[in-house]
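Below is one structure, written out as structure tokens; the observations come after it.
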Amino acid sequence: MSQVHEFAHLLDDAARHGRAVPQIDPKGELSLAEAYAIQSASMELRVARGERRVGVKMGFTSRAKMVQMGINDVIWGRLSSGMQVEEGTPVKFARFVHPRVEPELAFVLKKPLAGEVTAAEALAAVEAVAPALEIIDSRYQDFKFSPPDVIADNASSSGYVIGAWSDPHQDFSNLGLTMSVDGRVVQVGSTAAILGHPLRSLVAAARLSAAAGEPLQAGWVVMAGGATPAEWVKPGQYISIEMERLGSAGFHVGE
């Protein structure tokens, strides 16, 4: 078994069983290309078990986060059907290792979108937008990781919840939002925190996924990236997002 597939199996097992594993790149020797190869192989294991590819998620979508992590571009991860969380269905806390949650804007596409596209071309491919929450979960022991570690670990993607879809032909560049835990507001932000405009995240998703030979497809969801810092997830909580004009979404956390 190659090192790529060895690490892919390690991280896939960690995600399946909610079990922490050691860093795979403690000395910072993995290239970003190798990290994405591990991520791809890990997603192939999910698909082999019957899950479907349903989209992508974007990460490090703020300049401050890029600087903090020592990289100069956003990162991306792959979404599968097994990651989707339906509102009203409790999420088992035991399936996670270090779960946190971020408020986001989600896109769903009505046609493929690939390569170097403009913001106008990206918008023309959008069927609808919605408020969303992403559950992110590093599978590494002691919450220690390098950028390649994060990428290999599917950009920490673990689950996502999407609210009602809305017409994308409205200004969603600077929508106010709050994230609450058990009805108490814990984060306040705006969609403008996502690269200055969420469409820039979609443009980046089209570029990066096409470069990997997996262009965005009609019906796929694109999670644009966190609009505020993440909050830790704990058993028994109800976590929700309220977004200006677009509505709300939320989920319960079980044991």
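Taking R78 as the residue in question, decide whether it is of a type in the set (K, R) and either surrounded by fewer than 23 Cβ atoms within 10 Å (Cβ to Cβ) or modelled with pLDDT under 95 (or both).
On the way: of a type in the set (K, R): yes; either surrounded by fewer than 23 Cβ atoms within 10 Å (Cβ to Cβ) or modelled with pLDDT under 95 (or both): no.
So R78 does not fit the description; no.
Here is a yes/no grid of residues against (1) modelled with pLDDT of 95 or more; (2) under 15 Å from S156 (Cα atoms); (3) surrounded by 21 or more Cβ atoms within 10 Å (Cβ to Cβ):
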| site | (1), (2), (3) |
| --- | --- |
| M1 | no, no, no |
| A8 | yes, yes, yes |
| A20 | yes, yes, no |
| E29 | no, no, no |
| E44 | yes, no, no |
| V47 | yes, no, no |
| R52 | yes, no, no |
| R63 | no, no, no |
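Does segment 31-42 hold any residues that are surrounded by fewer than 19 Cβ atoms within 10 Å (Cβ to Cβ) and assigned to a helix (DSSP H, G or I), and which are they?
So in segment 31-42, the residues surrounded by fewer than 19 Cβ atoms within 10 Å (Cβ to Cβ) come out as 31-34, 40.
Within segment 31-42, L32, A33, E34, S40 qualify.
Tally up the residues in segment 129-150 that are assigned to a loop (DSSP other than H, G, I, E, B) and more than 15 Å from F96 (Cα to Cα), please. Final tally of qualifying residues: 3.
If you check V203 against the conditions, is it closer than 15 Å to W76 by Cβ, of a type in the set (V, I, T) and within 17 Å of the chain's Cα centre (by Cα)?
When the stated conditions are applied, V203 passes them.
Residues that are within 21 Å of G18 (Cβ to Cβ), out of contact with any Ser or Thr (no Cβ under 8 Å at 6 or more places or on another chain) and not basic (K, R) do not occur anywhere in segment 115-134.
When the residues of segment 228-255 are narrowed to those that are modelled with pLDDT under 95, under 16 Å from V181 (Cβ atoms) and in contact with a Pro (Cβ under 7 Å, 6 or more places away or on another chain), which ends up surrounded by the most Cβ atoms within 10 Å (Cβ to Cβ)? Let's see the steps before the verdict.
Residues of segment 228-255 modelled with pLDDT under 95: 228-230, 254-255.
Now restrict to residues that are under 16 Å from V181 (Cβ atoms): 228-230, 254.
Checking the rest, the ones that are also in contact with a Pro (Cβ under 7 Å, 6 or more places away or on another chain) come to 228, 254.
Details: T228: 19, G254: 14.
This residue is T228.
Identify the residue in segment 210-226 that is part of a loop (DSSP other than H, G, I, E, B) and over 12 Å from the mean Cα position of the chain (by Cα) and, among all such residues, is surrounded by the fewest Cβ atoms within 10 Å (Cβ to Cβ).
Keep residues of segment 210-226 that are part of a loop (DSSP other than H, G, I, E, B), which gives 212-215, 217-220, 224-226.
If we keep only those that are over 12 Å from the mean Cα position of the chain (by Cα) as well, we get 212-215, 217-220.
Details: A212: 16, G213: 7, E214: 16, P215: 16, Q217: 15, A218: 12, G219: 13, W220: 21.
Across segment 210-226, the extreme among qualifying residues is G213.
Keeping to segment 80-100, report how many residues are hydrophobic (A, V, I, L, M, F, W, C) and in a helix (DSSP H, G or I). Counting residues in segment 80-100 that are hydrophobic (A, V, I, L, M, F, W, C) and in a helix (DSSP H, G or I) gives 3. Number of residues in segment 151-195 that are out of contact with any helix residue (DSSP H, G or I) (no Cβ under 9 Å at 6 or more places or on another chain), crowded, with 18+ Cβ neighbours inside 10 Å and in a loop (DSSP other than H, G, I, E, B) equals 1.
The values are calculated or read from the model by the stated rules, or taken from the named source; none is laboratory data. As the structure is a computational prediction, the values presented were derived from the model and not from experiment. For neighbour counting, all protein chains shown are included, and Cβ atoms are generated from backbone atoms with ideal geometry for every residue, glycine included.
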